[in-house]
1. If we scan the range 315-323, do we find a residue that is closer than 30 Å to Ile238 by Cβ, assigned by TED's automatic domain parsing to the domain that holds Pro173, touching a strand residue (DSSP E or B) at 6+ places or on another chain (Cβ under 9 Å) and at pLDDT 95 or above?
2. Run down Val262, Val237, Val269 and say which single residue is under 25 Å from the mean Cα position of the chain (by Cα), outside any strand (DSSP E or B), of a type outside the set (S, T, N, Q) and assigned by TED's automatic domain parsing to the domain that holds Asp210.
3. Restricting attention to strands (runs of 3 or more DSSP E) lying wholly within the range 1-97, give those where 1 or more residues are assigned by TED's automatic domain parsing to the domain that holds Gly145, buried (at least 17 other Cβ atoms within 10 Å of the Cβ) and basic (Lys, Arg).
4. Which of the following residues is part of a helix (DSSP H, G or I), under 19 Å from the mean Cα position of the chain (by Cα) and of a type in the set (D, E, K, R): Glu370, Glu343, Glu336?
5. Considering (1) aliphatic (A, V, I, L, M); (2) in contact with a Phe, Trp or Tyr (Cβ under 8 Å, 6 or more places away or on another chain); (3) not in a helix (DSSP H, G or I), say which one Val304 fails and leave the rest.
6. Restrict the check to the range 247-255 and report whether at least one residue is out of contact with any strand residue (DSSP E or B) (no Cβ under 6 Å at 6 or more places or on another chain), in a loop (DSSP other than H, G, I, E, B) and small (Gly, Ala, Ser).
7. When the range 98-114 is examined, which residues are found to be more than 16 Å from the chain's Cα centre (by Cα) and surrounded by 20 or more Cβ atoms within 10 Å (Cβ to Cβ)?
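The values are calculated or read from the model by the stated rules, or taken from the named source; none is laboratory data. This one's a predicted model, so the numbers in the text were calculated from it and none came from an experiment. Here the Cβ positions follow ideal geometry from the backbone for every residue, glycine too, while neighbour counts run over all protein chains shown.
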Amino acid sequence: MPIVNRAADLQPEIQAWRRDIHEHPELGYEERRTSAFVADRLREFGCDDVVTGLGGTGVVGVIKGKAPGKGDIRSIGLRADMDALPIEEATGLPYASRNPGKMHACGHDGHTSMLLGAARYLAETRNFAGEAIVIFQPAEEGGFGAEAMIKDGLFDRFAIDQVYGMHNGPGIPVGSFAIRPGPIMASTDAVNIHIEGRGGHAARPHLSIDSVLVGAQLITALQSIVSRSVDPLEAAVISMCEFHAGNARNVIPQTAELRGTVRTLTPEVRALIGKRVHEVVEGVAQLTGAKIDLEYVPGYPVVVNHAAQTDFAVTVASEVAGSGNVAEMPPMMGGEDFAFMLEKRPGAFIFCGNGESAGLHHPAYNFNDEAIVFGTSYWIKLVENALAA
């Protein structure tokens, strides 16, 4: 397969880019070095247009094929994310992070480098009709970078008919892909609760409104929403992960703070849980006499793969990896802001095997360089098949 062979030829260079980016991780909207690195490479490759600063630190490159676009699909967008996480790296690698407290613990260094490799090949060969738009996005890790690029004109300034994304997948064998039509990743809403009770002496609780007890009641009631309000055949998660109150063993604290996350796979369940959280908070406040302020913050939408584009992605991945190496995966309750792009254009999000590595967002995680050939080849073949000359 010539594309795979050419990607293999490029692998050492792509790996070098990846490790350089890994050594210099930058958090969301701080990706100035990474963005400059990407833009410099795209200009070196001879991209027809390179735009920087989109959505803050995003970069977009335009590569025109050897012929004008034809048919219904004249251009496709390929998206990679660039930001790192606020994690102290624990890999011990020779190219480990040089920036204390920052780490590429989700493989965005690999995503960026594989798309750069594809951009180099596509600019070199231009064996397609139309335009390939390579999108390097900032701030995927909770920073709404995809939405920022859209608001800054991504789909207004560039003619993108379809858009595709890819993420590495620990636990999926290298050389394999996984995907599904419809919901593939969850929405991610945030729950922030401030409880105002009445502080007092621990020996006289009857004179207080115990913010700790109120918080405990809230957590129990909120956790019951999924088991008692959501259809058992639907997927949903409420996890209250922070509880801050008090600083002495004999003082009932005046206030408490709770923070958590809500994950769902359909707009209907998302709306239901939002409604029930508000009702539970109001009910516990009335029951206990505490003043409870709820901040329910909508996050990323559900990542919904479009059926026709998912079928196409499966075909392309099968050509790269073999039909037996493309699995239909169950939905994941993790979130991805590529969802915003799929709300604007048809497309699909796929997982590329990272082998038996540490999990995403783990201090010992590392992107598997053996996956480079497969991810890069997928991007290339996606363009050449979708925009056949």
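1. Kept after step one, since they are closer than 30 Å to Ile238 by Cβ, are these residues of the range 315-323: none.
No, there is no match, as no residue in the range 315-323 is closer than 30 Å to Ile238 by Cβ, assigned by TED's automatic domain parsing to the domain that holds Pro173, touching a strand residue (DSSP E or B) at 6+ places or on another chain (Cβ under 9 Å) and at pLDDT 95 or above.
2. Values: Val262 fails: outside any strand (DSSP E or B); Val237 fails: outside any strand (DSSP E or B).
None of the other options fit; the residue is Val269.
3. Numbers: elements: 49-54, 58-64, 75-81.
Answer list for the range 1-97: 58-64, 75-81.
4. On the way: Glu370 fails: under 19 Å from the mean Cα position of the chain (by Cα); Glu336 fails: part of a helix (DSSP H, G or I).
Selected residue: Glu343, the only one of Glu370, Glu343, Glu336 that is part of a helix (DSSP H, G or I), under 19 Å from the mean Cα position of the chain (by Cα) and of a type in the set (D, E, K, R).
5. Every condition holds for Val304 apart from (2).
6. Yes; the residues of the range 247-255 include at least one that is out of contact with any strand residue (DSSP E or B) (no Cβ under 6 Å at 6 or more places or on another chain), in a loop (DSSP other than H, G, I, E, B) and small (Gly, Ala, Ser).
7. So in the range 98-114, the residues more than 16 Å from the chain's Cα centre (by Cα) come out as 98-102, 113-114.
Those that are more than 16 Å from the chain's Cα centre (by Cα) and surrounded by 20 or more Cβ atoms within 10 Å (Cβ to Cβ): Lys102, Ser113, Met114.
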